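To keep things clear, I will list the structure first and then write my remarks on it.
The values are calculated or read from the model by the stated rules, or taken from the named source; none is laboratory data. Just so it is clear, the model here is predicted, and its values are computed rather than measured. Cβ coordinates were reconstructed from backbone atoms using ideal geometry, including for glycine residues, and neighbour counts include every protein chain displayed. Note: accessible area is taken over every heavy atom of the protein model, side chains too, but ligands, DNA and RNA are not part of it. Shrake-Rupley method; radii C 1.70, N 1.55, O 1.52, S 1.80 Å.
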Amino acid sequence: AAHRFSSLSNSLRPQETESTMSQQQHEHPQPATQSEDPSHYSRLVIVDYKDISADPADMDLSPLLERAFGGMSSSSSSAASPLGIIAIRNIPHYTAAKTSFLPHAHSLAHLPPTYLEDTLSDPSSFYNAGWSHGKETLGRHRQPDWAKASYYFNPITDEPGTEQERKDYPASYPLNRWPDEEAFPQMANFKQSARTLGGIMREVVVHLTRHVDALAEKRVEGYPTGLLYRSMVGTEKVKGRLLYYFPLNDEAAETEQTDVIHVKAESEVIESTNTHDNDNKHHNTDKQPSNPSKSFDNWIGWHNDSGFLTALAGDLYVDDATGTALPPSHIDPRAGLYVTDRSGESIKVSIPEDCMAVQIGECLQILTGGAVAATPHCVRGPRPGWNDDGVKVARISFPCFVDAKPTFPLTMPEGCGRENVLESGVGRDKVPPLEERWTENGMTFGNFLQTSFEKYYEWK
């Protein structure tokens, strides 16, 4: 069936919502949060860093988080149709760190292939550290994915976990492999800028966990106090993924007309991004047809994030030949990140340039009993012939995954039933059903990832 598509703009105005009214009634300070263009009700919730970093006892963000993340079983109204994503602005040093780091992806992707494959790749971690290109497979024919390349690293430590944990979980706790900045001067400051941006993003995620805990404690009977924050504040399972999307050839860029009939042609691509992959990298594979010309999700396939929380650093479109950043006039307005809300509508989400975003993973959907829910998302590449000047458009993005240990038990709150968790999800036509992957209450995070990996590869 054809899907409905619409677009979010990035114009801003002061917010006047039921959420704000609720906060005033509870005598909490009003969040410094803004919404979208005056002609459209905001779908992308944007909050200020000072509110995220505040103690939940002093700043109640529950209504806003419910509008951003709320599941089917939450008290959020159906009209809100949460997108499973929130944006955060005014993060100290964030914009400068992003501007410094993202352009490195072009230089990295154009280093000598023998160096990338022989020195910077790490087969022992199943390519979860260093360089990875063509190691993932798409669709039932298991075709190598050459459309994008990844560089994985841990931004907070070069040696995560204990020696035993690294042995038991090589994909979760790999050692970093940094490019040689002396041998390749174009990579100067790569390591420092990677650590700086990843560290900022991880810190913001940890701040957010306290507010997610506060929401769950209010809405869900039996939710353990501070569960998420306690799991995230000391975790070393943090993985940054610097992605470089190579230009699509015309055949791969073609899309069925039914995919686009409801996309607003006047929409503009501004800072849209995607995340995918946790250790097993199953997320690229869902429902990808063997013929990419019939695929809407031709840069990254529809998937849910299977982890806990994913921070997004926006994206950057560049000329593949030179690495020069491209102006909006060179970027297909239909390219970018799409998210499916719980009404079944697929929304093109544009994240403002000065904002970091965070997406909900399926583990939080389980732990909160469906109070928050993960949403399917994909990345669409430019259409063929969008530019007639010969520029080959590439895309750069940087998700950072912040997760608990692989041994963490995925247990729903005592006051919830399994149906609360499962019914809160959306997009069952786009991703393998959660009940086929979270097969028992208390299943460990590591086992859940492995099962999800297997089911995504079976998914037709």
| request: Can you confirm whether segment 362-378 contains a residue that is over 17 Å from Y229 (Cα atoms) and charged (D, E, K, R)? | output: no
| request: Sort through A311, A321 and tell me the only one that's among the small types (G, A, S), open to solvent by less than 20 Å² (accessible area, probe 1.4 Å) and either more than 30 Å from E435 (Cβ to Cβ) or not in a loop (DSSP other than H, G, I, E, B) (or both). | output: A311
| What about Q192, is it over 23 Å from Y94 (Cβ atoms) and outside any loop (DSSP other than H, G, I, E, B)? | no
| task | Please go through segment 436-453 and pick out each residue that is of a type in the set (D, E) and touching a residue at least 40 places away in the same chain (Cβ under 8 Å). | result | none
| note | The condition from (1) modelled with pLDDT of 95 or more; (2) within 22 Å of the chain's Cα centre (by Cα); (3) under 19 Å from K218 (Cα atoms) that R67 misses is numbered (1)
| said: Out of everything in segment 372-400 that is open to solvent by 10 Å² or more (accessible area, probe 1.4 Å) and of a type in the set (A, V, I, L, M, F, W, C), what residue ends up being modelled with the highest pLDDT? | reply: V393
| query | Hey, does segment 325-338 have a residue that's in contact with a Leu (Cβ under 8 Å, 6 or more places away or on another chain), at pLDDT 85 or above, part of a strand (DSSP E or B) and farther than 23 Å from F401 by Cβ? | reply | yes
| remark: Scanning segment 447-460 residue by residue, those open to solvent by 30 Å² or more (accessible area, probe 1.4 Å) and at pLDDT below 85 turn out to be Q450, F453, E454, K455, Y457, E458, W459, K460
| Just to be sure, is K167 in a helix (DSSP H, G or I), over 24 Å from A394 (Cβ atoms) and open to solvent by 60 Å² or more (accessible area, probe 1.4 Å)? | yes
| If we scan segment 398-407, do we find a residue that is part of a loop (DSSP other than H, G, I, E, B), more than 20 Å from N447 (Cβ to Cβ) and acidic (D, E)? | no
| All positions within segment 408-446 that are over 12 Å from I366 (Cβ atoms) and buried (at least 18 other Cβ atoms within 10 Å of the Cβ) | V426, G427, K430, V431, P432, G446
| said: Test of understanding: among E266, E271, E256, E221, which residue is closer than 18 Å to D315 by Cβ, of a type in the set (D, E) and at pLDDT below 95? | reply: E271
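Every residue, every condition in (1) touching a His at 6+ places or on another chain (Cβ under 8 Å); (2) without any contact (Cβ under 8 Å) to a residue 12 or more places away in the chain; (3) farther than 30 Å from G336 by Cβ, yes or no:
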position	(1), (2), (3)
G385	no, no, no
D388	no, yes, no
A394	yes, no, no
F398	no, no, no
V402	no, no, no
T407	no, no, yes
N420	no, no, yes
V426	no, no, no
L434	no, no, no
| Somewhere in segment 113-123, is a residue over 21 Å from the mean Cα position of the chain (by Cα), in a helix (DSSP H, G or I) and within 25 Å of Y456 (Cβ to Cβ)? | yes
| query | Going by the conditions given, is V379 in contact (Cβ under 8 Å) with a residue 24 or more places away in the chain, over 30 Å from G222 (Cα atoms), touching a Ser or Thr at 6+ places or on another chain (Cβ under 7 Å) and part of a strand (DSSP E or B)? | reply | no
| query | Of (1) in a loop (DSSP other than H, G, I, E, B); (2) of a type outside the set (D, E); (3) more than 29 Å from G198 (Cβ to Cβ), L422 satisfies all except one. Which? | reply | (1)
